[in-house]
Amino acid sequence: MKKYLGLVIGIIVFLGVTTWISIGNSLNDAQQECESQWSQVENVMQRRYDLIPNLTASVKGDMHQEQKVFSELAKARADYNGAKTNNEKLKADAQLNTSVGALINVIHEKYPKLNSDSRVHDLMVELEGSENRISVERRNYIQRVKEYNKLVRNFPSSAVAQSKNMHVMNYYQANSQAYNAPKVDLD
């Protein structure tokens, strides 16, 4: 009987140690998942940080070119509408014809290409896509933290976590500036 008692105790100790190690490994894995996921959140935020100013500058360049063409046309039209004498009307008409001709050439030749509308649309799509990527990665991070925190808090893994000095992690929290919508300045 003593022989079997020693064997049973040995098996219980072996199972206890194996369980302890398995739980410790699960906790380590969950912690690594959280840290890895947070790194991915930072990755997509860095992407946005790098990409959006460059896209905005590109759109501003297109818009500036179009503003120049259309403001010259608008000025010529205003001059024509404000002309009082025949000579003023002839001069304004010549300027209007030149502006319209320039616009037709620009549209016909597509150089410089008038495309700010599509570029602004592309910018909006990219902004939305960037924000969606960040939102998805934050949600994934929150899920990983939830899984990790459950391991840290639930018995028996809480005993292993406590022995390894592992504590619950904080969930993602927006900073106070996140309550204000960001501004995209195209001026």
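Read-outs: derived from the displayed coordinates by stated rules, not from any lab. Source: prediction; values computed, not measured. Every residue, glycine as well, gets a Cβ built from its backbone with ideal geometry; the counts of neighbours run over all protein chains shown.
Taking each residue as 0.36 nm, the span from S58 to E42 lengthens on full extension beyond its C-alpha to C-alpha distance by 3.3 nm. Listed peptides 33-41, 5-13 appear in the order 33-41, 5-13 once ranked by packing, highest mean of other Cβ atoms within 10 Å at the front. Applied to segment 7-18, the Karplus parametrisation 6.51 cos²θ - 1.76 cosθ + 1.60 on θ = phi - 60° returns per-residue 3J(HN,Hα) values of 5, 5, 5, x, 5, 5, 4, 4, 4, x, 5, 4 Hz, with x for Gly and Pro. Sorted from fewest to most neighbouring beta carbons within 10 Å, what does the list Y172, Y4 look like? Listed from fewest to most nearby Cβ atoms, that is Y4, Y172.
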